[in-house]
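Heads up, the thing below is written out as structure tokens.
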Amino acid sequence: MIKSSDTAICCPGPLSRRRFIQTGSLALGGLSLTDVLAGRASAGNGGKDTSVILVFLNGGPSQLETYDLKPDAPSSYRGVYEPIETNVPGITICDRFPLQARLADKFSLVRSLHHNMDSHSDGGIVVLTGRSPRKPDPTSRSTSEHPDFGSIVSKVRGMSRHAIPPYAAVPQQLYMTRPGYLGLHHGSFDIGDPSAKDYAPPQWTNVSRQDGAALRNRRPLLRQLDRFHDGEDQRGSLRGTEKFRDLAFRLLTSSKTARAFDIAGEDDRLRDRYGRNPWGQGCLMARRLAEAGTSVVTLYMDRLKTSNPLSNSNWDDHPGADGRPGHYAQFMSVRMPYLDQCLSALIQDVFDRGLDKRIMVVAVGEFGRTPRISQVGDNTGRDHWPQVYSALISGGGLKMGQVVGATNSKAEYPTERPCTPQDLLATIYQHLGIDTDMTHQDFAGRPIAVLDSGQPIRELI
């Protein structure tokens, strides 16, 4: 574990060439640490001191079993759970979310989101970038042509003055997006699974485990930066620039950065409240990073991977998904309490710390599920349905304790206040202080706006 003071960081001697290269790779395709920092520092303008935590429910959760239950719908449509009252009169959610029900005054629901991409990767691309793929891919293997909002924010804001990464992903990047024409250095910092025993983030693993701790003073690093300049800095981004060298050193040795990743330093009771599992500790790590200055943190909530095999499934609850036999509710019933625990803990923690104006929490998937329940042999589930889905939004200085939009009696399509992924992204960008009319050049030199459409959701502002 990295010590939380600069004076406690020591160095057993100069790093070997191999160790320095390993330390600098940051799991970004071999791109050097200094190259990453150079690109981010040169692009950034500081911007607002605000953050967004995106809880991405990979697979697409059912609106009828989460935030838009229809207890009076026909049995072939009706969700398998019952609605329960929340602490806001008139708002009901799923009975598997009792902890969230106590916090409805601290979040708002958007029930009328919709788009037209019905494969997982394409749906994720439009939700995260605001742009639909030019050629839909029914195999769900597509990757984005345009950068997602985290990469945009990394480009615009750059590295904070505390050397905190502007865009982080827990435990890994969202598989369907790429930084594209913004450059690899604006991809996410993948930080791994914070619930792992003796967790250490990837960028420190080699230094802290194999070389003692980190560097005590900047001179050894600067000498090695000079020594490896020609071989490791292919783009020449550090040529003669002390600022970039200093940023590289700061990321490796900053006490503030080290403290942000030192999840073991949290009170055990708080860690227990979040849940001692990848989702729970991931949410706690996201709060720590956002509080420290990371602009965007994405949580890839895919397979939970606990000792209970029924939890090892994502939100893609169609009949027989992943070879899972049986009824989709047997998997959701195990999975949903984990989400209720970690998401409610995150929301409460943000408010308890007075961070609810600085930090916005968004929980959403790539689409919803078919209103009609499907039966395929002995397997029961719901298929892909981008025509309507729900999102939970908390904090960000927005208006809480309300529902935006509505759907028809079977949750098939919006009937009030339809909202698009672009509207949700415009709301996020406004919180982050990003002008959506701003343009960046693509590979052909054409100016591409941050968003081509969408307006902040006015009911939340």
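All of the numbers you see were taken from the coordinates with simple rules; none came from a lab. Here the structure is a predicted model, which means the values were calculated and not measured. With ideal geometry, Cβ positions are generated from the backbone for all residues, glycine too; neighbour counts draw on all protein chains shown.
Shape summary of segment 65-105, radius of gyration then Dmax from alpha carbon positions: 10.3, 32 Å. If you sort the three axes of the alpha carbon gyration tensor as a ≥ b ≥ c, you get a/c of 1.5 or more for segment 104-181 and a/b no higher than b/c, which makes it oblate. Based on Cα contacts under 8 Å between residues 6+ apart, segment 305-461 shows a relative contact order of 18 percent.
For the pair LYS305 and GLU85, what calculated FRET efficiency results from E = 1/(1 + (r/R0)^6), where r is the Cβ-Cβ distance and R0 = 25 Å, to the nearest 0.05? The pair GLU85/LYS305 has a calculated efficiency of 0.15. A full extension of the chain between SER453 and ASP72 corresponds to an added length of 133.6 nm, given 0.36 nm per residue minus the alpha carbon distance. Between their Cα atoms, which of LYS70/LYS357; LYS305/LYS357; LYS256/LYS399; LYS48/LYS197; LYS106/LYS357 are more than 23 Å away from each other? Distance filter (> 23 Å) returns LYS70/LYS357; LYS305/LYS357; LYS256/LYS399; LYS48/LYS197. Cα extents for segment 342-461 along the principal axes, largest to smallest and rounded to whole angstrom: 50, 47, 27.
Taking amide H positions as modeled 1.01 Å from N, with prolines and chain starts lacking one, the residues under 5 Å from MET360 and 5 or more places away or on another chain are SER51, VAL52, ILE53, GLY396. When the chymotrypsin sites (Phe, Trp or Tyr not before Pro) in segment 355-461 are filtered for DSSP coil states and for at most 11 other beta-carbon atoms within 10 Å of their beta-carbon, the remaining sites are PHE443.
Applying both filters, DSSP loop and at most 15 other Cβ atoms within 10 Å, to the trypsin sites (Lys or Arg not before Pro) of segment 88-119 gives ARG102.
Rounded to whole numbers, the Karplus 3J(HN,Hα) couplings from phi for segment 64-78 are 6, 10, 10, 10, 9, 6, 10, x, 9, 6, x, 4, 6, 10, 4 Hz, using 6.51 cos²θ - 1.76 cosθ + 1.60 with θ = phi - 60°, and x at Gly and Pro. Under the definition of Cα pairs under 8 Å and six or more residues apart, what whole-number percent is the relative contact order of segment 314-404? 37 percent. Segment ARG134..ASP193, full-extension length gain: 17.9 nm, with 0.36 nm per residue of separation and the alpha-carbon distance subtracted.
Segment GLU266..ASP105, full-extension length gain: 55.3 nm, with 0.36 nm per residue of separation and the alpha-carbon distance subtracted. A straight Cα-to-Cα reach below 17 Å connects LYS410 with the aspartates and glutamates GLU65, ASP68, ASP72, GLU82, ASP383, residues fewer than 8 places away in its own chain not being considered. Per residue, the average separation of C-alpha pairs within less than 8 Å and at least 6 apart gives segment 140-188 a relative contact order of 54 percent.
Each of ALA363, THR427, GLN387 was placed along the dipole of segment 353-443 (beta-carbon charges, centred on the mean Cα), and the one lying farthest toward the positive end is ALA363. Distances between placed amide hydrogens fall under 5 Å for ASP442 paired with ILE448, all partners being 5 or more residues away or on another chain. If you take the square roots of the eigenvalues of the alpha-carbon gyration tensor of segment 300-407 and sort them as a ≥ b ≥ c, do you get rounded (a/c under 1.5), prolate (a/b over b/c) or oblate? Cα axes put segment 300-407 in the oblate bin. Tell me whether segment 265-323 comes out rounded, prolate or oblate; compute the Cα gyration tensor, take square roots of the eigenvalues as a ≥ b ≥ c, and use a/c under 1.5 as the rounded threshold. It comes out oblate by the Cα gyration axes. Among LYS135, LYS197, LYS410, a tally of other beta-carbon atoms within 10 Å of each Cβ gives an order, fewest to most, of LYS197, LYS135, LYS410.
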